[in-house]
Amino acid sequence: MPDFTDNLKPRYDGTATLQAERDASSINVDELAKHLLSRNGFLERQQRVLNVLSKEKLFNKDQLLNLSRPDRYYLGLARSKAIQRIGRKLGWDDEDYKMAEYLNDEMSPYHLHTTMFVTTVREQGSEEQKAYWLPKITNFDIIGCYAQTELGHGSNVRGLETVAKWDPERKEFEIHSPHLTASKWWNGAMGRTATHAIVVAQLLLPKQGKAHEYENHGPQPFIVQIRAEKTHQPMDGIVVGDIGPKYGYASMDNGYMLFDHYRVLKSALLSRYVDVSDDGKFTRHGHPAVLYGSLTFVRANIIMHARLILARAVTVAVRYLAIRRQFRDRDSTNEQEDEMKVLDYPTVQIRILPLLATTFALHYTGEYMYMLYQRSRETIEKGDFGPLAELHSASSGLKSLCTMLAADSIETCRRAMGGHGFGGGSGLVLINADYLSKPTVEGDNWMITQQVAAYLIKKMTQAVKNPNNKAKDPTDVLFQTYLQTRSSRTPKTIVSSSGIDDEAIVDAFQWRAADLSYRAYQARVVEKKPWTKLMVQLHNLSRAYSEQILVTNFYSSFETTSSPLSAPTPAVLRRCFRLYSLYTLDTFASSFTLTNAVTAESTYALLDAILELMTELRPHAVKLVDAWSIPDWLLDSALGRSDGKVYEDLYDRAHRRNPLNKITFNPDYRSEEIVLGSGDGGRDLLAKL
Amino acid sequence: MPQTPSWVKQLKPSGPQGSDLLASERAASNVPVEQLSELLFTKETIQKKNKILATLKSEEMFDKSPNYYAGRYEYFEKSVARAKALRNLKLRENWTLEEYRIACDLISEPLPYSLHEGMFVVTLKDQGTPEQQERFTKPADDYKIIGCYAQTELGHGSNVRGLETTATWNPERKTFTMHSPYLTASKWWIGSLGKMANFACVMAQLIINGKSYGPHPFIVQIRDLKTHEPLENVHVGDIGPKVGYNTMDNGFLLFNNVEVPHISMLARFSEVDPNTSKYVRKADPKLIYGTMTWVRSTIVMQSGSALARGVTIATRYSAIRRQFTDRDEPKAKVETPVLNYSMVQIRLFPLLAATYALHFTGKAMMNLYTRAQETLSKGGASILADLHGSSCALKALSSTIAVEGLEVCRRACGGHGFSSFSGIGNWYGNYLPTVTFEGDNYMLTQQVANYVLKSARAALAGKAAKNETGHILAEYLKKKDIRPSFDITSSNADIVSAFAWRAASLIFDIQNKRDNLKTAWNDLLVDFYRMNKAYAQYMVVVNFYNTLQNTKAAPEIESVLSTLFRLYALHTLDQEASDFTATGACTERQVAVARSTVEQKLLKEIRPHALRLVDAWDFDDYVLDSSLGRHDGKVYEDMFYRASELNPLNRVTVDPYPESPVCFRKVEEAHPKSKL
Ligand SMILES: Cc1cc2nc3c(=O)[nH]c(=O)nc-3n(C[C@H](O)[C@H](O)[C@H](O)COP(=O)(O)OP(=O)(O)OC[C@H]3O[C@@H](n4cnc5c(N)ncnc54)[C@H](O)[C@@H]3O)c2cc1C
Ligand SMILES: Cc1cc2nc3c(=O)[nH]c(=O)nc-3n(C[C@H](O)[C@H](O)[C@H](O)COP(=O)(O)OP(=O)(O)OC[C@H]3O[C@@H](n4cnc5c(N)ncnc54)[C@H](O)[C@@H]3O)c2cc1C
């Protein structure tokens, strides 16, 4: 319906503002975009799949925030089905499907089927099992999920309560849930969608020679049918359902599941690495090295994904804050001057620009991990990790750091945008809620830092014992150098009148990581302090070590970049390197000074250096986020639109696309009627409660 | 879905049971919970609260169990019904305003009358003339008029002087014309405006004879009192879904040359003379700062309990959640409660300490406010100025601590923290805008800078200190050259002095940059932010300390509060270490000692009392609405019950195969139909 608001324009023209921002920087955006996003034809694929999805009405994102949980799941399932049908018609490959999921931007009820479920069968199934199951899986004749976590246990997999007990008479397993806390919980796609599950259960076999005593062989994977093919109802002896609403993941049916002495055939046990003979004997064969290899690959993916999430949040923030104007310059006397863009205020910059720099920091470490994985793939198959061994251990720390940085960054960006950040038009509401699962899943971010710390303590112990052994990896080199120069260390000066010393930055991050490793070694190995009491220290160690990796890889990218970038991009990237490093240094200043990594005086100079770096980066901010090439359709954000029509879009969403505005309510408390003229007397509503 | 079979109903969580665990946690500490609660809230308030709680629980309308499942539309619809019901309850039960506020607090979601009650009526009372009170306030008190407070616009929030809506005086007709010249002039974010209000208090640029006199408040009718449809040339609606606050109809509003009578402009402080068309200033509008100070002090006070909800939930759950056996005791039979891991403690206990610190600080400010009001005539003004500065500083710090702390609590719960049944997520979403409204937390620090710069100049000029801020600045100047050392390891008073020293030092630092080095204001914003943090943290520490000094309580309480104080202060000191060393408030060595005191000593000392310390916050299960935070520890039973029995998705059977376009094959009972 036309009304007087149709012709209103915003006070400041957003499109012109962004254009002016772009004109002010000479960065070649296409070139930088290719540099960042060429792996696997990412950019080309993104465009191709986007063209398909954005034309389908089903994938319209307009109403997502208004829908109830059951509706969100309904829609999620409908979209997942559609993606499969479209993909088959167009002959998509795996990467295309992944791109479709990325652009559709919600957890698909098929997600576990195409990731954990199929991967587990492929990696842990025997040849025979693979031949039987894989065609059914690829063909979606069955739909799977991965049921490991339980109501009572997540991090501690060895503590799972579900048991699979061998029945010697019938030569079958009996899967059983002895307690309520044994209920499977959180398992994606299990609640309503899946027909099959990989169930991780404690394998109980009779003790040799003792008929009624059982021995626990630890948690093992079983492939189990959970719903009937025709009716899709749970099998007898299984109770399974959806666990209810969550912070995010509305489109996903995370489930619960309990077993009542449920029988499965012997062939249910995935038996590439373990097996049970007909007379109930347990055997192990082969080394599950491949599993670790692919885990490193998964973690590299997490980092590359984290950088895109970060980039998305920063894209929205930078574009909006460059358009948002608030107050005239306080020191200006010109009454006619336009108000300032809030992105020009240092208190806004300091929240956003270091995050922009972080996107690049994550990028180069992700690239490095892919490269190492690619290089050592063959040796991995033979059980030899080569240089990947170290990265594998380190990758827990990186997963923890990178997902935390990304998760926190969304919220930081959202808040930096004031009121509009809180609104649905920010485009950060759903992504924030969904992404907040990441610090917990695939290894709780606090928990897994213990693994890194344990690894570093081990490495340091070796280095102390055998200081002259041949160094096998960069950590060996670092620790040996550290031990040799420990007594003669002089803390570095990072910022001086002659400028910023990049090599000193790298050295400081490495030294801090080495020194904290040494302290942890001292406390644990020499002084034998209880592990639990050291945890906080160990967590900080893991973070320091991971930051050192990010800084080192970022720095080496300046030497190894194959395609030279045209000016001013290399100089701008170097500023990003400095900004990320100095900002981190400033945040943890006392950890750097206490470890003798840098002088205390040099930490006092950090803030000024950071402010100056931000001033230098500021003119390039819009183009730097442009280079991340996040499509408007994916951003789904009024604030982050690439054409700058922020206010027009906010208004359009509120006024024209908001279902609440189709209804007139009755606001008088004396009347029980809620919708005016409906005469509902509130009764409809009570019926729903 | 078939009924839950009996074999499932019989299942229990694997031992030890949650209820036993919490019972033994509580038995391990001798902190008298009830007394501590009374210290926090007073006995009288607790009794009032319990009575109201009982009333709310007995009303089906206020049953919270379906909250987590609804879409925006149904959720809002329900919230309209609840707002009405609550108003009726207030009349039925004869609640005072305070009691009504307690009820809102217990319901814990923003209801669509709240801006009418909170802002609209208050503004009328503060800024209306007697005639306007008669005309507007009376029917508003009676809910004949339902109002909202429309200041923020699509294009402007923090910068109120930049508002674009105009109110132009028409001398002949003695009226104002309300107009929105741009799209960005649209009012935006206004609570209760979207669907409920029929009147609005509109802030608009007053224009007389082509000259602008800045933003002024106008009372404007926007909807018909019978049909509730918008009046002609008024365009109004709801702004759509948000991170939280989805039970509230935050709205937009545009005017197309709407004429309103002279009486519309609230005229206690200034008015347009209808005969001469002259702008007349009648009183100093600074008087209304009092209300703002009060609102901010309330935010400070509530930040403690806002955070305490998260801490209560996470602490109870972590005492029950067991994961792994301790690495150094591989033979242990039962797994360790995760609350025993220092990695969990370092996240939760400093926040637990912060809940108390913030609460006491808020309380002290409220007292100061009341006292300042009483003595306004005899020189209370300087206290009021100090209170204005400190309430800005503390609002910024305390709401940031609470918001960030809530997310820490949620994550500390691992996977189950991500479930709506944790009770933290929803609450977080509703609390979140507190960092933005009533002054964006970053913006406020500039007002604080203004205030402390003035105080610093006064101190340098040797004027006698009139308030707390003046004292610490004077003290600093006196001792600056001696560079005193503070014994932060053994003296609580010295801890306070160290915080004061750092704050004062940073204040003089910005004063020097601004006055002597002539640094541009905008180049100092980050320094202001840092200074604000130091200044506000000092106030929290000193207020906590003073509370300890002035409280007579059971020795168990005094001792545990003192531990909490040290935990809060030393943990903060460690987090801000480089500030403390750079300003000479302490040495690097002292920082290292503070850190190990926190990690190796204080966490351990708090551990046995953790449960009782959260119990003292006295949250009823109804308020928390959380499976993880249940007082009786039946975490798993409740999670399972809500998932399997209350969850509407389990009434649906799907067709999971991609070939079939059917999604839901069978739906038992009504399911809100798809709105595709
Ligand atoms: C959205 C989502 C989807 C999921 N999808 C699946 C799925 O498809 N399949 C599946 O099997 N699972 C799934 N999960 C479960 C997920 O893997 C677990 O939540 C995760 O492993 C964390 O375990 P937890 O929840 O038991 O946390 P807990 O281990 O209970 O952690 C609770 C707290 O204790 C701390 N803690 C625990 N142990 C220690 C220790 N030893 N030392 C110090 N601190 C400790 C943690 O840091 C945390 O703060 C999903 C979870 C979510 C949120
Ligand atoms: C849930 C909710 C309910 C609300 N209810 C109401 C209501 O009932 N009535 C009403 O009138 N309003 C209401 N508001 C609006 C609220 O008061 C504003 O959002 C708030 O004042 C912040 O203004 P803004 O959104 O314009 O942020 P902006 O001012 O646009 O801020 C954006 C960013 O710029 C920064 N910035 C701005 N200016 C400067 C500067 N000079 N120096 C440095 N940094 C700067 C800020 O720190 C922030 O990071 C509500 C808001 C919300 C979220």
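Derivation of every value follows stated rules applied to the coordinates shown; laboratory data play no part. Everything numeric here is computed off the predicted structure, so don't read it as measured data. A quick note on method: Cβ atoms are made from the backbone with ideal geometry, for glycine too, and the neighbour counts reach across all protein chains shown.
Using θ = phi - 60° and the Karplus form 6.51 cos²θ - 1.76 cosθ + 1.60, what ³J(HN,Hα) does each residue of region A:147-163 get, whole Hz, x for Gly and Pro?
Computed from phi, the couplings for region A:147-163 are 10, 10, 4, 10, 3, x, 9, x, 4, 8, 5, 5, x, 4, 9, 5, 10 Hz.
I need the semi-axes of the equivalent ellipsoid of region B:519-663: take the C-alpha gyration tensor, multiply each eigenvalue by 5, square-root it, list largest first in whole angstrom.
In descending order, the three semi-axes are 45, 27, 16 Å.
Project the alpha carbons of chain A onto their principal axes and report the range along each, largest first, in whole Å.
Projected onto the principal axes, the Cα atoms of chain A cover 94, 85, 53 Å.
How big is region B:121-282 on each of its three principal axes, counting only the C-alpha atoms and giving the largest first in Å?
Here the spans come out as 48, 34, 28 Å, largest first.
Taking N as the number of residues in region B:23-146, what is its Cα Rg relative to 2.2 N^0.38 Å?
Normalised Cα radius of gyration, region B:23-146: 1.36.
Give the Rg/Rh ratio for region A:448-571, taking Rg as the radius of gyration of the Cα atoms and Rh as the Kirkwood radius, to two decimals.
1.04
Name the long-range amide H neighbours of A:Ala201: under 5 Å, sequence gap of 5 or more, or other chain; modelled H, no Pro or chain starts.
Hits under the 5 Å cutoff: A:Gln220, A:Phe222.
Can you bin every Cα-Cα distance in region A:294-625 into 10 Å intervals starting at zero and give me the percent of pairs per bin, rounded to whole numbers?
5, 23, 32, 25, 10, 3, 1, 0
Quick one: what does P(r) look like for region A:1-62 with 10 Å bins over all Cα pairs, in whole %?
It works out to 15, 21, 34, 23, 6, in whole percents.
Spelling out what I want: for every residue of region B:503-509, take phi, set θ = phi - 60°, compute 6.51 cos²θ - 1.76 cosθ + 1.60 (Karplus), and round to whole Hz; glycine and proline get x.
Per residue, the Karplus-derived 3J(HN,Hα) values read 4, 4, 4, 5, 5, 5, 4 Hz.
Report the FRET efficiency, 1/(1 + (r/R0)^6), for B:Arg589 and A:His217, where r is their Cβ-Cβ distance and R0 is 45 Å, rounded to 0.05.
Using R0 = 45 Å, I get an efficiency of 0.30.
Counting other C-beta atoms within 10 Å, which of A:Val316, A:Val118 has the fewest, and how do the rest follow?
Fewest to most other Cβ atoms nearby, the residues stand as A:Val118, A:Val316.
Mean projection of the alpha-carbon convex hull of region A:555-655 over all orientations, in nm²?
9.7 nm²
Please report Rg (one decimal) and Dmax (integer) in Å for the Cα set of region A:68-226.
18.0, 59
Run a plain Debye calculation on region B:436-479 (Cα atoms as equal point scatterers, no solvent) and give log10 I(q)/I(0) at q = 0.28 Å⁻¹, rounded to two decimals, same order as the q list.
Results for region B:436-479 at q = 0.28 Å⁻¹ read -0.90.
Taking the alpha-carbon set of region B:176-257, what are its Rg and Dmax in Å?
When restricted to the Cα atoms of region B:176-257, Rg and Dmax are 13.4, 43 Å.
List B:Ser644, A:Ser671 from most exposed to least, where exposure is judged by having the fewest other Cβ atoms within 10 Å.
With the fewest neighbours first, B:Ser644, A:Ser671 line up as A:Ser671, B:Ser644.
Please say if chain B is rounded, prolate or oblate, where rounded means a/c under 1.5 for a ≥ b ≥ c the square roots of the C-alpha gyration tensor eigenvalues, and otherwise the choice is prolate for a/b larger than b/c and oblate otherwise?
Since a/c reaches 1.5 but b/c is at least a/b, the shape of chain B is classed as oblate.
According to the Cα gyration tensor, what semi-axes, each the square root of 5 times an eigenvalue, does the equivalent ellipsoid of region A:109-170 have, listed from largest to smallest in whole Å?
Computed over region A:109-170, the values are 24, 19, 10 Å.
Viscosity 1.567 mPa s, temperature 4 °C: give me the Stokes-Einstein translational D for region A:319-407 in µm²/s, with Rh taken as the Kirkwood radius over C-alpha pairs.
Translational D for this selection: 77 µm²/s.
Could you state the number of Å between the C-alpha centres of region A:632-654 and region B:606-655?
Using only Cα atoms to place each centre, the spacing works out to 39 Å.
Around B:Glu259, which amide H atoms from residues at least 5 apart in sequence, or from another chain, sit under 5 Å from its own amide H, with H modelled in the peptide plane?
B:Met178
Taking all pairs of distinct Cα atoms, average 1/r, flip it, and tell me the Kirkwood hydrodynamic radius of region B:427-512 in Å to one decimal place.
14.8 Å
Provide, for q = 0.19 Å⁻¹, the log10 of I(q)/I(0) from a solvent-free Debye sum over equal Cα point scatterers in region A:219-329.
-1.15
Can you list the residues, at least 5 places off or on another chain, whose amide H is less than 5 Å from the amide H of A:Cys145, using H built in the peptide plane?
A:His196, A:Ala197, A:Ile198
Using the Cα atoms of region B:292-613, I'd like the radius of gyration and the largest Cα-Cα distance, Dmax, both in angstrom.
In Å, with Rg to one decimal and Dmax whole: 20.5, 71.
Exactly which GluC sites (Glu not before Pro) in region B:5-102 are in a DSSP loop and have at most 14 other Cβ atoms within 10 Å?
Those satisfying the criteria are B:Glu59.
Please work out, to two decimal places, the log10 of the ratio I(q)/I(0) at q = 0.12, 0.17, 0.19, 0.21 Å⁻¹ from a Debye calculation in which every Cα of region B:1-86 carries one identical scatterer.
With one equal scatterer per Cα and no solvent, log10 I(q)/I(0) is -0.80, -1.02, -1.00, -1.00.
Rounded to the nearest 500, what is chain A's calculated 222 nm mean residue ellipticity when only DSSP H runs of at least 4 contribute -39500 (n - 2.57) each, over all residues?
When only DSSP H runs of four or more count, the value is -16000 deg cm²/dmol.
What FRET efficiency comes out for the pair A:Arg284/B:Arg651, r = Cβ-Cβ distance, R0 = 60 Å, nearest 0.05?
With a Förster radius of 60 Å, E is 0.85.
Show me, for region B:25-30, the HN-Hα J-couplings you get by feeding each phi into the Karplus relation (A = 6.51, B = -1.76, C = 1.60, θ = phi - 60°), rounded to Hz, glycine and proline as x.
Once rounded to whole Hz, the list reads 4, 5, 5, 7, 10, 10.
Excluding residues on the same chain fewer than 8 positions from A:Lys34, give the aspartates and glutamates whose Cα lies under 19 Å from its Cα.
A:Glu44, A:Glu95, A:Asp96, A:Glu367, A:Glu559, A:Asp626, A:Asp632
Lys and Arg at +1, Asp and Glu at -1: add these up for the other residues within a Cβ distance under 15 Å of B:Ile263 and post the number.
So the surrounding residues net to 0.
At 10 °C and 1.306 mPa s, what whole-number value in µm²/s does Stokes-Einstein give for the translational diffusion of the protein assembly as shown, with Rh from the Kirkwood sum over Cα pairs?
The diffusion coefficient I find is 48 µm²/s.
For region A:142-286, what size does the Cα cloud have along each of its three principal axes, sorted from largest down, in whole Å?
Principal extents (largest minus smallest coordinate, Cα): 50, 35, 30 Å.
What distance in nm lies between label points placed 7 Å from Cα along the C-beta direction at B:Trp521 and B:Asp632?
5.9 nm
Would you be so kind as to identify which of B:Ala54, B:Ala70, B:Val31 lies farthest towards the positive end of the dipole of region B:31-109, taking Lys and Arg as +1 and Asp and Glu as -1 on Cβ and the Cα centre as origin?
Positive-most Cα among the choices belongs to B:Ala70.
What 222 nm value per residue comes from the helices of chain B, counting each DSSP H run with n ≥ 4 as -39,500 (n - 2.57) and dividing by all residues, nearest 500 deg cm²/dmol?
Helices in chain B give a 222 nm mean residue ellipticity of -15500 deg cm²/dmol.
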